[in-house]
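Chemist: Sharing a structure with you now.
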Amino acid sequence: MRLLVTGAAGFIGSHFVDAVFENEVAERLAVLDALTYSGNLSTLERFRSNDRFRFYHARVEDPAAVANVVRDEHITHIVNFAAETHNDRSILDSSAFLTTNAIGIDNLLTVARRESIAKVVHVSTDEVYGSIGSGRFTEKSPLEPNTPYSASKAAGDLQCRAHFVTWGTPVVVTRGGNTYGPYQFPEKLIPFFATRLIDAKKVPLYGEGSQVREWIHVRDHAEGILQVLLEGCPGEAYNIGDDNERTNRDIVRILLEETGRDASLVKQIPDPRGGAHDARYSMETLRIRKLGWSPKRVFEQGLRDTVRWYVQNEAWWRPITESEEYKEYVANYYGRTLGSDL
Ligand code: TYD
């Protein structure tokens, strides 16, 4: 196959490219990425010498740019990772979210239809379902998103459904759990806290830290998406999870242990997400397991290895945490609650 991967300069997308090359799935792999604040060319450095790899700097919602890459590279399959992904940023300013997360996939699907693409995989999230008190979300659960971020992802999922029903565009949706591993932008819980703890800075725990997330290693997540690309049924969605539910407190305990810091660095702050803070995510994953995929990494070891990766790869994240954009975001979002601990 000749594959277009959008958003691969980001976290999960870059690990997906690793999985594609290691499994020798594609004779050509073209990446299209807008290089927004969270996309990093140095994340793609490891593919530069591969002669099957190409990079295009463009936005996913740009019809001409996407169509040109698809034609020039004779693309047969598309996987869409391009997204604005952070809940907290969407609470600060929601304006970019619909553009990338809904209009972007609509544009890709239109190009896919016109250029007779064999399959599109749209990478989404369990957050489209909203929060669940007990039990698990299945792919048939209603979409009840609670933040501007998760609502924009749900809009993208619905756009996939509409393109499939209206034109028969062969699109499959994946909904992954909270993902952790190397190369994650240091704004999400694990890399944000790990990089701050390495620097002996205080970490802002929202409220009691009793929220529950289902965590999956990025490589398991990427392999799940690859399995859906190869075997997934158009018109369907597939949950990708690891049955691994943890409270935020539990995560923080391991992060403290692995960085050798003590609990005095944890500052409980009034929850900035307020009523939009989902209490629990949990997914049924039978459907993707029937395709032959199962997660392979053990959480606690994977998390400790991830922290060690951040300890050993300051050269990757330090330019980010020292950038003006990043400092401004952290000051805007946490300034009031962290104060002099910023
Ligand atoms: P996050 O990594 O942002 O992922 P998501 O919002 O997609 O679940 O947050 C994971 C959990 O960690 C969530 O319950 C919010 C909490 N959290 C904090 O307590 N402090 C923080 O600074 C961040 C970024 C998250």
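The values are calculated or read from the model by the stated rules, or taken from the named source; none is laboratory data. Predicted, not measured: the structure shown is a model, and the values here were computed from it. In this analysis, Cβ positions are derived from the backbone assuming ideal geometry, glycine residues included, and neighbour counts consider all displayed protein chains. When the accessible area is computed, the model is the full protein with side chains, heavy atoms only, and any ligands, DNA or RNA have been set aside. Shrake-Rupley method; radii C 1.70, N 1.55, O 1.52, S 1.80 Å.
Residue-wise test of (1) surrounded by fewer than 15 Cβ atoms within 10 Å (Cβ to Cβ); (2) away from the ligand (no atom under 16 Å from the Cβ); (3) within 17 Å of the chain's Cα centre (by Cα).
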| position | (1), (2), (3) |
| --- | --- |
| 13 | no, yes, yes |
| 18 | no, yes, yes |
| 53 | no, yes, no |
| 72 | yes, yes, no |
| 79 | no, yes, yes |
| 82 | no, yes, yes |
| 85 | no, no, yes |
| 103 | no, yes, no |
| 107 | no, yes, no |
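Chemist: Between 204, 272, 234, 295, which is in contact with a Pro (Cβ under 8 Å, 6 or more places away or on another chain) and either over 26 Å from residue 92 (Cα atoms) or outside the structural domain of residue 118 (by TED's automatic domain parsing) (or both)? Outline the logic, then answer.
Modeler: On the way: 204 fails: in contact with a Pro (Cβ under 8 Å, 6 or more places away or on another chain); 272 fails: in contact with a Pro (Cβ under 8 Å, 6 or more places away or on another chain); 295 fails: in contact with a Pro (Cβ under 8 Å, 6 or more places away or on another chain).
Checking each option against the conditions leaves just 234.
Chemist: Looking at segment 315-336, I want the residues that are in the same structural domain as residue 203 (by TED's automatic domain parsing) and aliphatic (A, V, I, L, M) and have a partner that is open to solvent by 30 Å² or more (accessible area, probe 1.4 Å) and within 14 Å of the ligand (Cβ to nearest atom) with Cβ atoms under 7 Å, at least 6 apart or on another chain. Which pairs are those?
Modeler: Correct list of pairs: 330/342; 331/342.
Chemist: Check every one of the helices (runs of 4 or more DSSP H) wholly within segment 275-342 and list those with 1 or more residues that are under 19 Å from the mean Cα position of the chain (by Cα) and either over 30 Å from residue 232 (Cβ atoms) or of a type in the set (D, E, K, R) (or both).
Modeler: Helices (runs of 4 or more DSSP H) meeting the threshold: 299-312, 314-321, 324-338.
Chemist: Go through segment 32-49 residue by residue and tally those that are more than 22 Å from residue 217 (Cβ to Cβ) and open to solvent by less than 20 Å² (accessible area, probe 1.4 Å).
Modeler: Of the residues in that region, 2 qualify.
Chemist: Which one is nearest to the ligand (Cβ to nearest atom), of the residues in segment 125-148 that are within 20 Å of residue 242 (Cβ to Cβ) and among the acidic types (Asp, Glu)?
Modeler: In this case the residue turns out to be 127.
Chemist: Residues that are surrounded by fewer than 24 Cβ atoms within 10 Å (Cβ to Cβ) and among the basic types (Lys, Arg): list the helices (runs of 4 or more DSSP H) wholly contained in segment 130-237 that include at least 2 such residues.
Modeler: none
Chemist: Now for a different question. Tell me, please, whether a residue that is under 17 Å from residue 193 (Cα atoms) and either open to solvent by less than 60 Å² (accessible area, probe 1.4 Å) or within 13 Å of the ligand (Cβ to nearest atom) (or both) can be found in segment 275-297.
Modeler: No, segment 275-297 has no match at all.
Chemist: Would you be able to say whether some residue in segment 250-270 is more than 25 Å from residue 119 (Cα to Cα), among the polar types (S, T, N, Q) and away from the ligand (no atom under 16 Å from the Cβ)?
Modeler: Let us first name the residues in segment 250-270 that are more than 25 Å from residue 119 (Cα to Cα), namely 250-270.
Now restrict to residues that are among the polar types (S, T, N, Q): 259, 264, 268.
If we keep only those that are away from the ligand (no atom under 16 Å from the Cβ) as well, we get 264.
Taking every residue of segment 250-270 in turn, at least one turns out to be more than 25 Å from residue 119 (Cα to Cα), among the polar types (S, T, N, Q) and away from the ligand (no atom under 16 Å from the Cβ).
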